[in-house]
1. Lys/Arg Cβ at +1, Asp/Glu Cβ at -1, dipole of the stretch A:2-257 taken about the Cα centre: which of A:ALA170, A:PRO37, A:ALA233 is farthest positive-ward?
2. B:ASP261 versus B:THR164, label points 7 Å from Cα toward the beta carbon: distance in nm?
3. If amide H atoms are built 1.01 Å from N in the plane of the peptide, which residues on other chains or at least 5 residues away come under 5 Å of the amide H of B:ARG212?
4. Output ³J(HN,Hα) for the stretch B:206-211: one whole-Hz value per residue in order, computed from phi by the Karplus curve 6.51 cos²θ - 1.76 cosθ + 1.60 with θ = phi - 60°, and x for Gly and Pro.
5. May I ask for the equivalent-ellipsoid semi-axes of the protein assembly as shown, computed as the square root of five times each C-alpha gyration tensor eigenvalue and listed largest first in whole Å?
6. Evaluate the charge dipole of the protein assembly as shown about its Cα centre and quote only its size in Debye, nearest 20, assuming +1 on the Cβ of each Lys and Arg and -1 on the Cβ of each Asp and Glu.
7. Nearest 20 debye, what's the magnitude of the dipole of the stretch A:76-178 about its Cα centre given +1 on Lys and Arg Cβ and -1 on Asp and Glu Cβ?
8. Of the residues B:LEU36, B:LEU190, B:LEU125, which exhibits the maximal mean-square fluctuation in a Gaussian network model of chain B defined by a 10 Å Cα contact cut-off?
Amino acid sequence: MTAALVGYLADTRVLAGRHLLHLRRTPGRLVLMTLNPLVMLLALGYLFRHAITVPGGRYEEYVLAGVGAQVGLAQIGPTAIGVAADLRGGVTDRFRAMPVPLGAVLLGRTLSDLAVAAVSLAAVAGLGALLGWRPHHGPAATAAGFAVLLAFCYAMAWAGVLLGTLVRDAETLDSVGALILVVFGFLSNAFLAASSLPGWLRPVAEWNPVSSVVGLCRRLWGNAAAGQSTGAAGATAAAVLLALLAAAVVLSLRALRGR
Amino acid sequence: MTAAIRAEGLRKAFGGRPVLRGVDLEAPAGTVLGVLGPNGAGKTTTVRILTTLLAADAGRASVAGFDVAARGREVRRRIGLTGQSTAVDGLLTARENLALIGRLLRLGRAGTRRRVDALLDRFGLAAAADLPAATLSGGLRRRLDLAACVLGEPAVLFLDEPTTGLDPVSRTVLWDLVRDLVGGGATVLLTTQYLEEADALADRIAVVDAGRVIAEGTPAALKRKAGRDRLEVVLARPAETAETARLLTRLAGHPARPDPDRAAVAVPLPGGLDDLARVAAGLSAAGVAVTDFTLHRPTLDDVFFALTGAGEAEPAA
Ligand SMILES: Nc1ncnc2c1ncn2[C@@H]1O[C@H](COP(=O)(O)OP(=O)(O)O)[C@@H](O)[C@H]1O
Ligand SMILES: [Mg+2]
C-alpha cells in the first residue's frame with residue numbers, strides 16, 4: 001500500500017515537472033497569466049479607487065480578494081487548452097497505456113497549476129500592498145485568506161481539466177475561458193458589492209461560488225467585509241469548494257475513462 | 001504456441017452506431033500481425049480496446065496472457081503503444097520526451113539516461129536530441145514516438161498506422177526499426193491502410209472492414225486472392241493499340257486488355273522479374289514505341305474487390 005502511494009506521488013511529481021518545464025520553455029505564457037490579474041488590480045485598485053465606493057471600507061482594500069479570485073478564474077482556460085491538446089495529440093493515451101494512474105496525470109497538471117497560481121497571488125499581494133491594501137487581523141488570518149484563495153485556484157484548475165475533457169477545440173476553449181472569466185468575475189462580489197447589482201442579478205451573485213470565497217477572504221483580512229460571520233462564511237466557502245472540487249474530479253475521471 | 005494477443009468477438013458501438021461487430025484476432029508470441037483496413041474500419045477502436053484505453057461492449061481480449069478488462073494494470077506493464085497521432089510533447093526536447101517516459105517507467109535516473117542515449121542512437125535521433133520535438137520533421141517525430149513506445153522493452157507493441165503521412169524514406173527507416181524490434185522477440189500488432197506495408201512487415205494479415213475481420217492469412221495467400229501484378233503500357237502511336245494487345249497476350253500468356261481511348265494496354269503479369277524482362281524485350285524487338293511502362297502491384301482496393309466481390313480487381317483471366 002505504502003509502496004503504491006510512494007509510486008503514485010513519484011509519478012505525480014514527474015508529471016508536474018513536465019508542466020513546469022513547459023512554463024520554462026514558454027515564459028511568455030507565465031508572464032501573461034500573472035499580468036492579467038495585475039492589470040485588473042491596477043485598473044480598479046488605482047485608477048478607479050475613488051470612482052467606486054463600497055460600504056464599510058476603502059476600495060483598494062476591498063478589491064484585492066476579488067482580484068485574487070480572478071487568478072483562479074483566469075487559469076481555467078489555459079488548463080483546459082492544455083488538457084485538450086494532450087487528449088487530441090495522444091499524449092494522454094500514451095500515459096494511460098503505461099502503468100501510470102490517470103489520477104497522477106491529472107494531479108501533476110493541477111498541482112503545477114497551483115504553483116503558478118501561488119506565484120500570481122504573490123504578485124497580486126505585492127502590488128496590492130503598494131496600492132494600499134492591508135490585512136487587519138494578524139498573520140494567521142492573513143495566511144488563512146491566501147490559503148482560501150489557493151484552494152479556490154486548485155478547484156478551478158480541476159474545473160479547467162473537466163472543461164478540457166468535454167470540449168476539444170482550442171479556439172472554442174479560448175472563448176469559453178474568456179467568457180467564464182467575465183461572467184463569474186463580474187456577476188459576483190469580486191469587484192462590486194452584490195447589493196449594487198440590478199435586483200434580478202443579485203441572487204446570481206450571491207450564489208456564485210466566487211462570492212463566498214471572496215467574502216471569506218475579506219472577513220479574514222478585515223477588508224470592508226459584510227454579511228456572514230467568519231465562521232459561517234468559512235463553512236459556506238469550504239462546502240462550496242469541496243463540492244466544486246469533488247464534482248470536477250469525479251466527472252473528469254469518468255469522462256476520460258469512458259472515452 | 002501461446003498467443004500474445006487474442007481477441008474474441010469484440011464489439012463496440014458509439015452512440016448506438018456499431019463500430020466493431022465481433023472482431024477476432026490472434027497473434028502468437030514473437031510474430032507481427034498486420035491489421036489491414038480502410039479509414040473507419042475500426043482499427044483504432046480495436047487497438048484502444050487491446051491497450052486498455054477503451055472498454056469493449058462485448059467479447060474478450062487478452063494481451064501478454066492477461067485479460068484487458070480485468071487485469072488492465074498487468075497488461076499496461078507489458079505493452080507499448082504508438083497511437084495514430086504522434087504522441088510527443090512538442091515543447092520538450094527529444095531527450096526530455098524519452099526521459100519523461102523513463103522516469104514514469106521507474107528506470108531510475110542512471111538507468112533512464114543509459115537507455116535514452118542508446119535509443120537516440122539506434123533511432124537516428126542523436127543529432128536532434130536536444131531540439132524541441134515540435135521543430136523535428138514528421139519522420140523524426142514518428143521515430144521519437146516509436147522510441148518512447150519501446151523504452152520499457154515491452155513484450156507486445158501496438159503500432160496504429162505508424163507510417164501514414166510519412167515520406168518514403170522515413171517509411172523505410174521505420175520499417176527497418178520495426179523489423180529490428182521483432183528480431184528482439186517482441187510481438188507486434190500493426191494497423192495499416194497499405195497492403196504493401198502489411199506485406200513488408202507482417203507474418204499474418206487480418207483484413208478488417210466495417211468492424212469485422214473479413215479475411216485472415218499470410219501476406220502471400222492474401223495477395224493471391226487479391227490478384228496478380230499487372231503491367232500497363234502506354235503507346236506512342238495509338239493506332240498500334242489492338243496489335244500491341246495481341247502481342248502482349250502472346251508474350252505474357254494472359255489475355256491483355258486494350259484501352260484505345262488512352263492508347264494503353266494492360267496485362268496480368270504474375271511471373272515477376274522474368275515475365276517483365278521477356279515482355280520488355282518482346283516489345284522492343286517488335287519496335288513498339290512506349291511512353292509509359294508501369295507495373296501495378298495489387299492494392300488494398302484490389303484485396304477488397306477480391307474478398308467482397310464488390311467489383312473486379314482486374315479483367316478476368
Ligand atoms: N469516440 C468515438 N465516438 C464516436 N465515434 C467514434 C469514436 N471513435 C471512433 N468512432 C467511429 O468509429 C468508426 C471506426 O473508427 P476507427 O476505429 O478510428 O477506424 P480506423 O482506425 O480503422 O480508421 C469511425 O466511423 C469513427 O468515426
Ligand atoms: Mg485509425
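1. Selected residue: A:ALA170.
2. 3.2 nm
3. B:ARG21
4. Result, ordered by residue: 10, 8, 10, 8, 6, x Hz.
5. Ellipsoid semi-axes (Å, largest first): 62, 25, 22.
6. Working: 59 positive and 47 negative charges, 369 e Å.
Here the size comes out at about 1780 debye.
7. 200 debye
8. B:LEU125
Throughout, read-outs are computed from the coordinates displayed, never taken from laboratory work. Keep in mind it's a predicted model, so treat the numbers as computed, not measured. With ideal geometry, Cβ positions are generated from the backbone for all residues, glycine too; neighbour counts draw on all protein chains shown.
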